[in-house]
Amino acid sequence: MKAKAFDIGLFKRILKYTKPYKFRFRGVILFAILLSIFAAFRPMFLQITVDTFIKPGNKSGLMKYSIIMGISLLMEGLSQFYFVLWANWLGQDIVKDIRTKLFQHMLSFRMKYFDTAPVGQLVTRSVSDIEQIARIFSQGLFMIMSDLMKMLVCLLVMAYMNWHLTLIVVVAMPILVYITRIFQRKMQVAFEEVRNQVSNLNTFVQERVTGMKIVQLFNREVIEYQKFKEINEKHNVAWIKTILYNSIFFPIADIISSITLGGIVLYGGFQILNDNPFTTVGQMTAYTMFIGMLFNPLRQIADKFNEMQMGMIAANRVFDILDTEEEVQQNGTIIAHPFEGNIRFEKVRFSYIKEEEVLKGISFDVKVGETIAIVGATGAGKSTIINLLNRFYEIDSGGIYVDDLNINVFTLSSLRTQIAVVLQDVFLFADTIYNNITLNNAAISREEVITAAKKIGVHDFIISLPNGYDYDVKERGVMLSSGQRQLIAFLRAYVSNPSILILDEATSSIDTYSEELIQRATETITKGRTSIVIAHRLATIINANKIIVMDKGHIVESGSHQELLNKTNGYYKNLYDSQFSVEI
């Protein structure tokens, strides 16, 4: 949906976020009113000073009005200070609330949403787009409102002082208003393009920085550089268009302002030379100030309106995410307490893309304390089973049950608290090993972590690192090897004390030493606990209570390792003979 320059519905929605800050909101309006009044006092006092005291030579009156003008300037300065302070403060508090709400909403999305939404785009929406919303209040709405009130008060004072001179100004103003309106429409289109290009640029850079190893391994530097130049050029062109419009508008606005001032001087000068009592030197002096106070805000309103437009466009993008409800995970009502561990899949069908089924009516069960292994070729649907058990995605039909209760009845947080997953590609945050193990769960003490680490055999490895458990692994855990990251993931799963454990090819792509530690860790954390293993290493497969063999979304075989080997020309036996026997 394309944002409108003055989308009233969108604007009202933004204003709803000011409700917690009503006092400050009203205070900003009050200071805007005071600012407009005190600003209009300056030229009015100047006119009185020139005509009443300077021209007649009244020194005492001049001193008196000089003091009054000083006080007026002081009040105007204080009003300006509090107006700017509170407007910016209000804007930052509002975007803080919107950003918090947006992030909370994103946390509730199904994994399907993140499969298709570019990371760079989400970062843009969560950071720069939301920050632009703050400028609606700090540089847009209140500034425009203040300028309009200032112009209105000035026009009223000018009309009271000399309606002949005011008429010249009033005739010129519609011309500038019309030009401003044309400028505003052009800038809205230009800023829409700017925001699109910023989002594209962020997405491109995010992906290439994250995948820099692939870029360099496959000698893609020159190709990616050329792509970046193209995207950057589009971004540059979008901004140049806004610069061009500004370059045209502001000189025209200055010319109109200068012509109006010239008209005032010419007409007023002739009136004074002809001894017209309705026009005075003081009025002429005051009107030179009034012209600036009227025309400068009017031309600046266009610039401030640009800020409003960019803020509205950004708000529209942010609210598009907030309004995305179909991707929100449906929550249950029952709090999941520690499970016994019975798991049952019953005729489960699932597709990532409509009409392209990945699971085609599979059924199996896992008894309390059993370890089952799931094997099969890439794309058979192994990892999908894990995603569905954790409710990262919703199934198309069938049912998934834990202890004879459909998993949909449990609250998501409590369900996932009872299930621990160790993935093949371990993600670690740029933090200490200890915080990556506990994930900042205050209920897990350091003593518990150390005890668990000793049980699964990783304590010695951790304390060998600088600062031990307080070692900073940096972004994505780059300071550790893949095997070391896997060990941290095993410990993270173990200290969470889950009812159900899932190992998704967690023992692949590691060195021999790490494999020995991981095999020990696997035996420890699966003991007496219902476990599902997406199998890769033979030892895990052989020791499983049951092995489920999948092919193209179907379960083609199941049984123990020996039972499956005894099946002549069986799928598992062929898989074993062709891929696994070498490892024995």
- Residue list for region 329-370, restricted to those being open to solvent by less than 90 Å² (accessible area, probe 1.4 Å) and polar (S, T, N, Q): Gln329, Asn342, Ser351, Ser363
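Quick one: would you say Arg446 is open to solvent by 10 Å² or more (accessible area, probe 1.4 Å) and under 27 Å from Ile343 (Cα atoms)?
No, not satisfied.
With the requirement that a residue be at positive phi and either of a type in the set (Gly, Ala, Ser) or open to solvent by less than 10 Å² (accessible area, probe 1.4 Å) (or both), what does region 488-507 give you?
Of the residues in region 488-507, the ones at positive phi are 497, 505.
Once the filter is applied, which keeps residues that are at positive phi and either of a type in the set (Gly, Ala, Ser) or open to solvent by less than 10 Å² (accessible area, probe 1.4 Å) (or both), region 488-507 yields nothing.
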- Item | Residue, surrounded by the most Cβ atoms within 10 Å (Cβ to Cβ), within region 203-238, restricted to residues that are under 26 Å from the mean Cα position of the chain (by Cα) and β-branched (Val, Ile, Thr) | Thr203
- Item | Residues of region 250-288 satisfying the condition of being under 49 Å from the mean Cα position of the chain (by Cα) and either modelled with pLDDT under 80 or farther than 19 Å from Lys55 by Cα (or both) | Phe250, Pro251, Ile252, Ala253, Asp254, Ile255, Ile256, Ser257, Ser258, Ile259, Thr260, Leu261
- Task: Find the residue count for region 361-403, including only residues that are modelled with pLDDT under 90 and charged (D, E, K, R).
- Result: 5
- Message: Here are the criteria: (1) touching a Phe, Trp or Tyr at 6+ places or on another chain (Cβ under 8 Å); (2) at pLDDT 85 or above. Tell me which single one His459 does not satisfy.
- Response: (1)
- Task: Please work out which one of (1) more than 19 Å from the chain's Cα centre (by Cα); (2) of a type in the set (D, E, K, R); (3) open to solvent by less than 90 Å² (accessible area, probe 1.4 Å) is the condition Lys241 fails and give its number.
- Result: (3)
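When region 348-362 is examined, which residues are found to be of a type in the set (Gly, Ala, Ser) and over 13 Å from Leu388 (Cα atoms)?
Matches in region 348-362: Gly361 only.
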- Message: Just to be sure I understand the filter: pairs with C-beta atoms under 6 Å, separated by 6 or more residues or on different chains, first member in region 300-314 and aliphatic (A, V, I, L, M), second member not in a helix (DSSP H, G or I). Which pairs pass?
- Response: Met312/Ala3; Ile313/Ala3
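Could you say which residue among Gly120, Gly77, Gly70 is open to solvent by less than 30 Å² (accessible area, probe 1.4 Å) and among the small types (Gly, Ala, Ser)? Spell out how you get there, then give the answer.
Details: Gly77 fails: open to solvent by less than 30 Å² (accessible area, probe 1.4 Å); Gly70 fails: open to solvent by less than 30 Å² (accessible area, probe 1.4 Å).
After ruling out the rest, the residue left standing is Gly120.
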- So which residues in region 422-443 are polar (S, T, N, Q), in contact with a strand residue (DSSP E or B) (Cβ under 8 Å, 6 or more places away or on another chain) and buried (at least 18 other Cβ atoms within 10 Å of the Cβ)? Gln424
- Item | Selection status of Leu261, open to solvent by less than 90 Å² (accessible area, probe 1.4 Å), part of a helix (DSSP H, G or I) and farther than 18 Å from Arg181 by Cβ | yes
- So which helices (runs of 4 or more DSSP H) stay within region 47-134 end to end and still have 1 or more residues that are at pLDDT 80 or above, of a type in the set (D, E, K, R) and under 20 Å from Ile14 (Cβ atoms)? 59-107
- Task: May I ask you to list the residues in region 387-433 that are in a loop (DSSP other than H, G, I, E, B) and more than 24 Å from Glu355 (Cα to Cα)?
- Result: Asp403, Asp404, Thr411, Gln418, Gln424, Asp425, Val426, Phe427, Leu428, Phe429, Ala430, Asp431
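The values are calculated or read from the model by the stated rules, or taken from the named source; none is laboratory data. Everything numeric in this text was worked out from a predicted model, so none of it was measured. Cβ atoms come from the backbone with ideal geometry, glycine included; neighbour counts cover every protein chain shown. Accessible surface areas use protein heavy atoms only, side chains included; no ligands, DNA or RNA. Shrake-Rupley method; radii C 1.70, N 1.55, O 1.52, S 1.80 Å.
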